[in-house]
1. How many of the residues in the stretch 119-166 are open to solvent by less than 80 Å² (accessible area, probe 1.4 Å), more than 25 Å from Leu88 (Cα to Cα) and part of a strand (DSSP E or B)?
2. Give the residues of the stretch 314-332 that are part of a loop (DSSP other than H, G, I, E, B), open to solvent by 50 Å² or more (accessible area, probe 1.4 Å) and touching a strand residue (DSSP E or B) at 6+ places or on another chain (Cβ under 6 Å), sorted by residue number.
3. Among Asn452, Asn431, Asn409, Asn426, which is the only one that is within 19 Å of Gln328 (Cα to Cα) and open to solvent by 60 Å² or more (accessible area, probe 1.4 Å)?
4. Given Leu238, Leu186, which one is aliphatic (A, V, I, L, M) and either surrounded by fewer than 17 Cβ atoms within 10 Å (Cβ to Cβ) or at pLDDT 95 or above (or both)?
5. Within the stretch 434-449, take every residue that is touching a residue at least 60 places away in the same chain (Cβ under 8 Å) and either of a type in the set (A, V, I, L, M) or open to solvent by 40 Å² or more (accessible area, probe 1.4 Å) (or both) and give me the one that is farthest from Tyr297 (Cα to Cα).
6. Which numbered condition in (1) part of a strand (DSSP E or B); (2) on the phi > 0 side of the Ramachandran plot is the only one that Gly169 fails?
7. Answer with yes or no whether Val362 is touching a residue at least 12 places away in the same chain (Cβ under 8 Å), open to solvent by 30 Å² or more (accessible area, probe 1.4 Å), among the aliphatic types (A, V, I, L, M) and in contact with a helix residue (DSSP H, G or I) (Cβ under 7 Å, 6 or more places away or on another chain).
8. Is it true that Leu352 is in contact with a strand residue (DSSP E or B) (Cβ under 7 Å, 6 or more places away or on another chain), exposed (fewer than 14 other Cβ atoms within 10 Å of the Cβ), more than 18 Å from Leu238 (Cβ to Cβ) and at pLDDT 95 or above?
Amino acid sequence: MEKQKNKRNIIAIGIIIFFCALLVIYFGITMYFTNHFYFGSTINCVNVSGKTVEEVDEQMISEVKEYTLELQERGNAKEQITASDIGLECNSEGKVKELKESQNPFEWIFSLLNKKDSKISEVVTYDEELLKECLDKLSCFNSGNIIEPQNPSFQYTDKGYIILDEVLGNKINKDILYDKVINAILNGKKTIDLQSSDCYENPQYTSTSQEIIDTKDALNKYTDSKITYTFGDKTEVLDGSTINNWLQTNEKLEIEFDEKKIKSYLDKLASDYDTVGNTRDFVTSSGTTVKVSGGDYGWLINKDEEVKDLITIIKEGQVITKEPIYMQSALYHGNNDIGNTYVEINMTKQHLWFYKNGSLIVEGDVVTGNVNNNCATPTGIYKLKYKQKDATLKGEGYSTHVDYWMPFNEGIGLHDASWRSEFGGNIYRTNGSHGCVNAPYYLANKIFDNINGGSPVICYY
């Protein structure tokens, strides 16, 4: 029993000695940290572990003097801002001591578990003008080095549109970088990664943005359209290979149509298929062939309306066969759009023929416009506008009733002329009409009963 008691006493004494030793060590270290910073202490990213206030003041001055801020840019480029560039100076007097006094030396043990970077505000000063000048001189702000950010774009291929990746570029937001640099300087940070710090101006969209994908799908819908134009027995096919040249997207990803290019396409169709005013080879009733130009008869595409119609069709992705919208149409397509129902007027012979479905219905002498009074009937191929019974023709100094009125060139038309007893010959030279074609009653009547609006009227010398 005595031995066990002695053993317990020895253990107790050992424990007491151990704790006393710990207390001696604790208070010894506490005495050390009365004048020294905790281990693991940093001030504005500067390690001051175990140093006195005087040592830290000297260290801060040295650190500031040698301070360099590195800017890590895209493309592995790096630039530096040094203390001398911006007039950087240390301003830590009294503040380090104040920070040291905030460290309770008896709590040093807790600092081992909770290491943190202490902050001292306004520990450094810098020249704002020098800093701005320094930033302006950075290579990343040289206009020749700047690559603007670009949204993804679209490229048409044989298989439809594809998305071309966005361009990140390297354009920096100077205001953001300025704030980041000031923050780094004041806090003693030595590097700024411009990418992770969001200093760059980035494209609004990326190639995976839903808006970009939706726009690509819309473009493909448009170019999937197929319009087959018919011109009699001829056709012209319009598809994505041409339509894609008319499409472009704006900054809001709205698809816009280049109407000038659409009109250029329609201009080509018109040059191939419009016939109004064209010079035609016309085989006369006498068997000779004459060239007749001018007039308003023929095909004439209404380009303005057709542009609107095309845009609607393309937006709906239609596949259709259609004729273009015409401002004016003729009776037939092809080289001979006159057909075989027409009025032929040979103004040299002052004679008229009317054919219907290839058969001569009636012919006879007429009187055309007075040449001496500059009222000659114009040559050309015209479209009969309409026909009217019992019309009153009015002009400067006259008002005349006619039984059959068939206008074909504005106020000029074919009509009966009961006031004339003779037709043909050279009457038109000195006693012609005001421009109209005067016909005997029987001739005007026969034509009126057999002709329809839209029929060609061919006037030639």
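The values are calculated or read from the model by the stated rules, or taken from the named source; none is laboratory data. Keep in mind that this is a model prediction, so the values were computed, not measured. Glycine gets a Cβ as well: all are built from the backbone with ideal geometry, and neighbour counts include every protein chain shown. The accessibility values were calculated without ligands, DNA or RNA, using every heavy atom of the protein model including side chains. Shrake-Rupley method; radii C 1.70, N 1.55, O 1.52, S 1.80 Å.
1. 9
2. Glu323
3. None of the other options fit; the residue is Asn452.
4. Numbers: Leu186 fails: either surrounded by fewer than 17 Cβ atoms within 10 Å (Cβ to Cβ) or at pLDDT 95 or above (or both).
From the options Leu238, Leu186, the qualifying one is Leu238.
5. Looking at the filtered set, the residue picked out is Tyr442.
6. Gly169 satisfies all of (1) part of a strand (DSSP E or B); (2) on the phi > 0 side of the Ramachandran plot except (1).
7. No.
8. No.
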